[in-house]
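Where a number appears in this text, it was derived from the coordinates with a stated rule and is not lab data. On a predicted model such as this, the values are computed, not experimentally measured, just so you know. Heads up, the Cβs are rebuilt from the backbone with ideal geometry, glycines too, and the neighbour counts pull from every protein chain shown.
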Amino acid sequence: MKKITISADLEVYNDETELPQDVQGLMTQAVEAREKSYSPYSQFRVGAAILLENGEVVTGSNQENASYPAGLCAERTAIFYAGAKYPESKILKMALTARSENHKVEVPTPPCGSCRQAIAEYEVKQDQPIGVFFMGEKGKVVKANSISDLLPLIFDNSYL
Ligand code: THU
């Protein structure tokens, strides 16, 4: 038996103004997308903005459904759209933000497990990491240099 230690370096910014200029702009677009969320059931609004290598920004928000599992998270709404519209363009970074209609979301809100898996697929596809910046409704922003820092031991096509 041997032990394996898994660790990751994340960066924590005190607020949006500390972010690099381009990421500030991306986060602003994520906030705008968040406000377009369709979330009548959870009242939890999530926005995602994705910067592509071709300079385009693709945004998305969570889209809920009366049949709850039929809804989709903001991250996957955005990344599937990016993959569908610009299949040849690499994804450089994404900004995420969440707020609730019912309480303050002050802690940075990371992508859920299914979204991490979906983002990981695109890192494999483009053979390049995706920077992920996530925030609550405002305040601290956490940066992961790659989704693999948030999802170690990912399941990818090498196992198929
Ligand atoms: N949600 C996201 O959009 N992204 C996540 O990573 C976590 C959860 C959405 C799904 C649902 O509409 C609401 O937040 C509550 O779970």
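Net charge within 9 Å of Asn54 by Cβ-Cβ distance, Lys/Arg positive one each and Asp/Glu negative one each, not counting Asn54 itself?
Numbers: positive: Lys90; negative: Glu53, Glu56, Glu88.
Value of the local net charge: -2.
Eigen-decomposition of the gyration tensor built on the alpha-carbon atoms of segment 10-95 gives equivalent ellipsoid semi-axes of 23, 18, 9 angstrom, largest listed first. Measuring between their Cα centroids, segment 83-160 and segment 1-60 lie 7 Å from each other.
Going highest first, how would you order 58-65, 33-40 by mean Cβ packing within 10 Å? Each step should come with its number before you reach the end.
Details: 58-65: 21.0, 33-40: 18.0.
Packing proxy ranking, top to bottom: 58-65, 33-40.
Counting Cα-Cα pairs of the chain in 5 Å increments starting at 0 gives whole-percent bin shares of 2, 9, 18, 22, 20, 15, 8, 4, 1, 0, 0.
For the residue pairs Lys36/Lys104; Lys85/Lys125; Lys90/Lys125; Lys36/Lys90, the C-alpha atoms sit more than 20 angstrom apart in Lys36/Lys90.
Would you please give the FRET efficiency between Val124 and Val12, computed as 1/(1 + (r/R0)^6) with r the Cβ-Cβ distance and R0 = 35 Å, to the nearest 0.05? Mind dumping the intermediate values first?
Numbers: r = 27 Å, r/R0 = 0.77.
E between Val124 and Val12, to the nearest 0.05, is 0.85.
A simple count of charges around Glu137, restricted to other residues whose Cβ falls under 10 Å of its Cβ and scoring Lys, Arg +1 and Asp, Glu -1, yields +4. Electrostatic bookkeeping for Val124 treats Lys and Arg as +1 and Asp and Glu as -1; over the other residues with beta carbon under 14 Å from its beta carbon, the sum is -1. Overall, segment 89-144 carries a charge dipole of about 160 debye about its Cα centre when +1 sits on the Cβ of Lys and Arg and -1 on the Cβ of Asp and Glu, all other atoms neutral.
Restricting to bridges with both residues inside the chain, how much of the DSSP beta-bridge set is antiparallel, in percent to the nearest 5? In the chain, DSSP labels about 80 percent of beta bridges as antiparallel.
Summed over qualifying helices (DSSP H, 4 residues or more, each -39500 (n - 2.57)) and divided by its residue number, the chain shows a 222 nm mean residue ellipticity of -8000 deg cm²/dmol.
To the nearest 20 debye, what charge dipole does the chain have about its Cα centre, counting +1 at the Cβ of each Lys and Arg and -1 at the Cβ of each Asp and Glu? Before the final figure, lay out the partial values.
On the way: 16 positive and 21 negative charges, 82 e Å.
Here the size comes out at about 400 debye.
Output the relative contact order of the chain, whole-number percent, from Cα pairs under 8 angstrom with separation of 6+ residues.
Values: 332 pairs, mean separation 38.1, N = 160.
It rounds to 24 percent for the chain.
Projecting the Cα atoms of Val58, Gln29, Ser42 onto the charge dipole of segment 1-75 (Cβ charges, centred on the Cα centre) puts Ser42 farthest toward the positive pole.
To the nearest 0.05, what FRET efficiency results for Ser100 and Gln21 with a Förster distance of 30 Å applied to their C-beta separation? Spell out each step's value before the answer.
Details: r = 29 Å, r/R0 = 0.95.
Approximately 0.55, to the nearest 0.05.
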